[in-house]
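The values are calculated or read from the model by the stated rules, or taken from the named source; none is laboratory data. Note that the structure is predicted; figures quoted are calculated from it, not measured. Cβ sites come from the backbone with ideal geometry, for glycine too, and all protein chains shown count toward neighbours.
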Amino acid sequence: MAAIIEVGPEDSLATIRAKLLAASEPAALLVIERGTPALRLGPGAKVLARLSRERRLRVAVVTQDASVRDAMAAAGFSVFASVAAAQQARRWRTPQPLGGRALRRRPQRPSQGPQAALVPQLLALLFVIAFTGILGLGAAMLLPEANVVLDPASTRVEAAVTAAVVPGLGGVDYGSAAIPGRRVVVTVHGSWSQPVFSRQDVPDKRASGVVLLVNRRATPVTVPAGTVVRTGSGQAVRYRTLEEVSLPGVAGATVAVQVEAIDPGPQGNVGPYLVNTIDGPLAAQLSVVNEQPIEGGTVRQAGVVTQADRERVRAALLQRLDAEAHAAVQEQLGPGEFPIRESLVRERILNEGYDKLLGELADQLTVTLSVEYSELVFSGEDVSKIALAGLQGVVPGGYQLTPQGLETDIIGAEPGQAGWLVHALARGIARAQIDPGDVRRAIAGLPAEAAAGVLQERFPLASPPVVEIWPAWLSTLPQVGIRIHVEVR
């Protein structure tokens, strides 16, 4: 079973070699996309041929790229148009070990003597030696190549940024660091009850006592319960009898009867002989007097609704409705939107009512409100755009901000001259920029160890560079820069 290894235009020769070495099967099928530059020329194919020989890997190629097909076929690989065709093939060609081909024997000519036969052989030997030397020199100058892998250094950067949220703005304004905002309108309802704080004295118990009724005529009379008697001077205090009594028809006859004040409170408490008048028709026949004080009228503390009580209960309800309005706004946020809690505004009171009148006696007051609110919201993505622009200003020279690792934390908001200001902390990762041309010029012709030292000294790297030379027996990098392949991860 052959491992299928996919190779794309972004893969360098070093990456392709690593993929082959990582294959778990003894056979591998390289599926190469069009436009893969690492294998379009002969040296890349030769590197893979050498690797397959050294590791004894059976390798075949699937590609539609004519340049890759020709280079890989010339290196000794079987090349197929599809994976299915490769899998159905009975056998694959494998690159053969390096070595000279056997010279074809020419037909022997009639012997011309030992010395005459030796001259052509010597000339041929000298030609082969010279040609081999020229080829070796050319190969030493043209065939060597090197692969250099660099891991650029990275550094974390952060910046505090502020964005102005402007309702109705058409888009992000980088010049003034302004972003669009919108107001979300909600309506909330509720009621709230709490004890009244204002207290006052109110009448409680009625005063009571005994009065003496006197018949002034010789005619009997019956006095019904509820007959009203009162004080005769100052502000009249009225009392009613609690039982029915009768007096005989004798002038001067008397009867005692229980009375209580009609109105509760201490104003019903009077001293002796102050109750002296009977209301109604019985006043012509009877007289009345209290020989003892009438007492027992009291007051108590009771709540009374004042404007201050209304203001307190209203303020308490509005505080609760403010929180409910903010929660209602959050339910209407779009993806990635954030509210500015401090921008919550009570637009108008739609309805307000109380269950008690001003001045009414009550221990508790209830208010009911309907309120329309609005709150400003903004897009977190817009803040990130401003944050990215802010981070660009703190990136060190020679570094470039990467899309990965960009974070924006909203810290808070405050009112500004043109609207609300949102404060955020932006963090990101800046990566060193390395020009492959500068790398080639810096190390061309150097020994591998010296080249690694130059790279670490001249370029910001996160890890030691990888320098590979082919053929392996060479210790010096090519003089020609195009033979040095640089991969910047």
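Observations, loosely collected:
- So Arg183, is it within 52 Å of the chain's Cα centre (by Cα), of a type in the set (D, E, K, R) and either surrounded by 15 or more Cβ atoms within 10 Å (Cβ to Cβ) or at pLDDT below 95 (or both): yes
- Residue check, Val395 at pLDDT 90 or above and either closer than 20 Å to Pro43 by Cα or part of a helix (DSSP H, G or I) (or both): no
- Filter result for Leu48 (touching a helix residue (DSSP H, G or I) at 6+ places or on another chain (Cβ under 9 Å) and surrounded by 17 or more Cβ atoms within 10 Å (Cβ to Cβ)): yes
- When each of Ala261, Ala251, Ala236 is tested for being modelled with pLDDT of 95 or more, small (Gly, Ala, Ser) and in the same structural domain as Gly297 (by TED's automatic domain parsing), the lone residue that passes is Ala261.
- Residues (closer than 26 Å to Gln200 by Cα, part of a loop (DSSP other than H, G, I, E, B) and not charged (D, E, K, R)) located in region 235-273: Gln235, Ala236, Val237, Ile262, Pro264, Gly265, Asn269
- Candidates Gly226, Gly190, Gly209, Gly181: the one that is of a type outside the set (A, V, I, L, M) and assigned to a loop (DSSP other than H, G, I, E, B) is Gly226.
- Residue within region 155-174 that is hydroxyl-bearing (Ser, Thr, Tyr) and touching a helix residue (DSSP H, G or I) at 6+ places or on another chain (Cβ under 7 Å) present: yes
- Enumerated strands (runs of 3 or more DSSP E) restricted to region 280-343, each holding at least 2 residues that are of a type in the set (A, V, I, L, M, F, W, C): 286-289, 299-303
- Filtered residues of region 413-452 (kept if part of a strand (DSSP E or B) and free of Cβ contacts under 8 Å to residues at least 60 places away in the same chain): Pro447
- Here is the figure for region 344-374: residues that are in a strand (DSSP E or B), of a type in the set (Gly, Ala, Ser) and surrounded by 12 or more Cβ atoms within 10 Å (Cβ to Cβ) total 2.
- Filter pass, Val467 being assigned to a helix (DSSP H, G or I), closer than 25 Å to Arg17 by Cα and not assigned by TED's automatic domain parsing to the domain that holds Arg341: no
- Checking the stated criteria, Tyr373 turns out not to satisfy the condition of being within 27 Å of Val304 (Cα to Cα) and aromatic (Phe, Trp, Tyr).
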